[in-house]
Amino acid sequence: MIPAPAPPPPVLYSTRPEWSDVEPLQQYEKANPLAPILYSEEYKDATDYLRGIVKAGEKSERVLALTEHVIRLNPAHYSAWQYRYETLLALDAPLDTEVALMDELADKYLKTYQVWHHRRLLLLRRGARAAAAELAFVGRILQRDEKNYHTWAHRQWLLASFNDDVLWGGELDFVDSMMNRDVRNNSAWHHRFFVVFQSGVREGEADRERIVRRELIYVKQNISLAPNNASAWNYLRGVLEYNRLPFSTVAAFVQPYTVLLPEAATDIVDLENPPPGRGAELPCAAAVEFLADVYEEKGGADVQTAVGLWRSLADEHDTIRKKYWEFRIRDALTALQ
Amino acid sequence: MNNTSDPLPPLAASAHVAHVKHALARLPGSMVNVDASRMAIVFYCIGSLDLLGVLETETSQVDRTSWRMWIWEQYVAGRYGTGFRPGPFMSTSVHSDQNGPHIIMTYTALLSLAMLRDDFSRLNRPGVLKFVNSCQNRDGSFSSMPNGGGDSDLRNLYCAFCICSLLGDWSSIDVERATTFVGSCRTYEGGYGQLPSCEAQGGTTYLAIAALRLAPPGPRPRLTAAEQARSEHWLVHNQDASGGFRGRTGKAPDACYCFWGGAALQILGAQDKLNAHAFTQFIAACQFPFGGIGRAPGQPPDPYHTYLSLAAVAMYAPRLEPGARRYGQWEFAPFDPLLNASGDTVRWARSHIPARRF
């Protein structure tokens, strides 16, 4: 392969005639700078002109070019972002053009707060008509980085802020598509909980009992496919607690996951209680813990059964948390007295 | 790795000192993305020296004086009060909103000055309170800059609470509204997200729990027993078999989450519920051969992971008999998990930052 030619050195603003009317301002720092950054010539030059522009208060087309340049060199430069936004408003610039540029920058600098903050400000200006396209964009970004916190946060903000039934309509299918890629993606599980339980009740979802049943079947099936998935167990706990259902509601489902060799499955497929798939690593520590909670909840003599299960976690199935399980044992026995 | 009989590799203290002193002297051009948060890097570097107990021995009086001067040079008055900016990255001779104080930088600057034992005689306390007030939003949350400027999330709220706590004055903010906002960030998993509706994450869970504990008493307890138990459950389950903490369910462990998770458990009084030996083992393994600590074994170091790792082990390293101290031991002075600094520094800050009563 022929190596790509090195990019030409950047043409500094200080050598460009079209910028000669701006007075560049060097960063003002006294004799003993602390943690000084060895700036590149390009960054030093571009920020000299940014400071000059800000001092002069200029808001023009070329400010958009300059701030874009600074942002590409340092996407966390919040002042460049802020001044860019003010300039866009002052110029009444077409925000759709800005968004097209932002699509590229968000993709490049996914982990920078400012990239997402700027998108938010733009969306608030553009209003609901832009929200559907934004949702699709966020979906594409999540295909590339499935657990990116900022991207998921942006999606949740978008849904909650515009709160439009059309936007919400596709969310469960979207979660499914993310789950199909990785059933251990906790961000997708969290998003499902947010959509189903934490964002109000939408059309067709008024029958909450039916919704809870649907969610329990959903999470059980996922556990049956991949039992050692902390995200799914947390979801199961979350659904029960949020809907004030005792853990014992699903005890029959959980039990086969707590033993080394579950009884041979019958031919009858029990949708309510899907068994562990063949080859599953059992017993599953999360199931053992869950069952212990069921027994603790029952109280009385059953607490001793819970203690036995915690003991097995401490000594065998989840030794890293030995101290936590021993605390649970002490705590439950104290409560019993 | 979690075998309690495995001996700990030595703490490479002098190599870590060299790493952060080097960063204080100069940062490479590749770190230009911290230009707008330089004060935080300064905090991590000076903080590492403070935790290692070498500020007096490894730096000169002249250095410390010049460092204090640099921090005070970032102290600016804006239209909405006074505070610290990240550094001189936008400094020009004229005032503009692009060169004003930033709430996270104000918190890190105050603690850095306390590490350097500044007397805070230059601090305009009412000015700082006015600035913190101007950063609070209607929903109780805080932005990093006045009037909803910059992003808003639990980081800013935590810093606002620390500043009010250090000043001993909560009168400029609406504490009840702010704590209600914190509560709305709690998720079904037991941790807290960065904003309401966001996934539980280790850093924001620390910020939420610390903020609730810093807040003055309210009409109701800030956390119920059930909420505490759920947070503990989520936190201890984030300890990976390697001893390290992950930031979210199902992710890989990272040294910085050892701090966030470990400190949150300390604040909840649940410090005995994690495996401290494996925890320290993990961080010991994150030490980079040439100094500094990285996010995971074999990863390059940076001041952020170096400081937070040292702070994490300062809370959990095995306590030794005084006579047993020797080179390379993981031994630290007491640490304050609420404000995130050494106990001595927090004591200094609390006795010098509040307004003097005459």
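What follows is calculated from the coordinates using simple rules that are stated; it is not laboratory data. Because the structure is a prediction, the values reported are computed rather than measured. Cβ: placed from backbone, ideal geometry, glycine included. Neighbour counts: every protein chain shown.
Straight-line reach from A:Lys323: taking Cα to Cα under 17 Å and skipping same-chain neighbours fewer than 8 places apart, the lysines in range are B:Lys273.
Extents of chain A, taken as max minus min of Cα coordinates on every principal axis and listed largest first, are 86, 53, 52 Å. Using only the Cα atoms, work out Rg/Rh for region A:1-90, with Rh taken as the Kirkwood radius, to two decimals. Across region A:1-90, the Cα-based Rg/Rh ratio is 1.02. Using the Cβ of A:Ala46 as centre and a radius below 14 Å, the other residues enclosed give a net charge of 0, where K and R count +1 and D and E count -1.
Counting Lys +1, Arg +1, Asp -1, Glu -1, what net charge surrounds A:Gly169 among other residues with beta carbon under 10 Å of its beta carbon?
Values: positive: A:Arg202; negative: A:Asp164, A:Asp165, A:Glu171, A:Asp173, A:Glu203.
That sum, taken over residues with Cβ under 10 Å, equals -4.
Computed from phi, the 3J(HN,Hα) profile of region B:52-59 under the Karplus parametrisation 6.51, -1.76, 1.60 (θ = phi - 60°) reads 7, x, 10, 4, 6, 8, 9, 10 Hz, with x in place of Gly and Pro.
Within the protein assembly as shown, what percent of beta bridges assigned by DSSP are antiparallel, to the nearest 5? Before the final figure, lay out the partial values.
Numbers: 14 of 15 bridges.
Of all bridge pairs located within the protein assembly as shown, approximately 95 percent are antiparallel.
A cut-off of 5 Å between modelled amide H atoms, ignoring neighbours fewer than 5 places along the same chain, links B:Asp336 with B:Ala341, B:Ser342, B:Gly343. Based on the Kirkwood radius over alpha-carbon pairs, what value in µm²/s does the Stokes-Einstein equation return for the translational diffusion coefficient of region B:13-352 at 37 °C and 0.692 mPa s? The diffusion coefficient I find is 161 µm²/s.
Considering only A:Gly204, A:Pro24, A:Ser231, the residue lying farthest towards the positive end of the dipole of chain A is A:Pro24, judged by Cα position with unit charges set on Cβ.
By the Stokes-Einstein formula, at 0.692 mPa s and 37 °C, region B:14-141 with its Kirkwood radius over alpha-carbon pairs has D equal to 212 µm²/s.
Note that region A:145-197, at 37 °C in a medium of 0.692 mPa s, gets a Stokes-Einstein diffusion coefficient of 292 µm²/s from its Kirkwood radius over C-alpha pairs.
When the Cα positions of B:Ala241, B:Ala341, B:Leu308 are compared along the charge dipole of chain B, B:Ala341 comes out farthest toward the positive end, with charges on each C-beta of Lys, Arg, Asp and Glu. The average projected area of region B:224-281, computed from the convex hull of its Cα atoms over all directions, is 3.6 nm².
Using the Cα centre as the reference, give the magnitude of the dipole from point charges on the C-beta atoms of region B:13-352 (Lys, Arg: +1; Asp, Glu: -1; all else neutral), rounded to the nearest 20 debye.
Working: 29 positive and 27 negative charges, 44 e Å.
The calculation lands at about 200 debye.
Our analysis of the protein assembly as shown gives Rg over Rh at 0.98, with the two radii drawn from alpha carbon positions and Rh computed by the Kirkwood formula.
Take each residue of peptide B:27-33, count the partner chain Cβ atoms within 10 Å of its Cβ, and average: the result is 6.
Nothing charged except the Cβ atoms of Lys and Arg (+1) and of Asp and Glu (-1): what's the magnitude of the dipole of region B:229-358 about its Cα centre? Round to the nearest 20 debye.
Details: 13 positive and 9 negative charges, 71 e Å.
It works out to roughly 340 debye.
Tally Lys and Arg at +1 and Asp and Glu at -1 over the other residues with C-beta under 15 Å from the C-beta of A:Ala251: what net charge comes out? Net of charged neighbours comes to -4.
Please give the average number of partner chain Cβ atoms lying within 10 Å of the Cβ of each residue in B:58-68, rounded to a whole number. It would help to have the intermediate numbers written out before the result.
Values: counts 0, 0, 0, 0, 1, 2, 0, 1, 5, 3, 1.
That works out to 1 on average.
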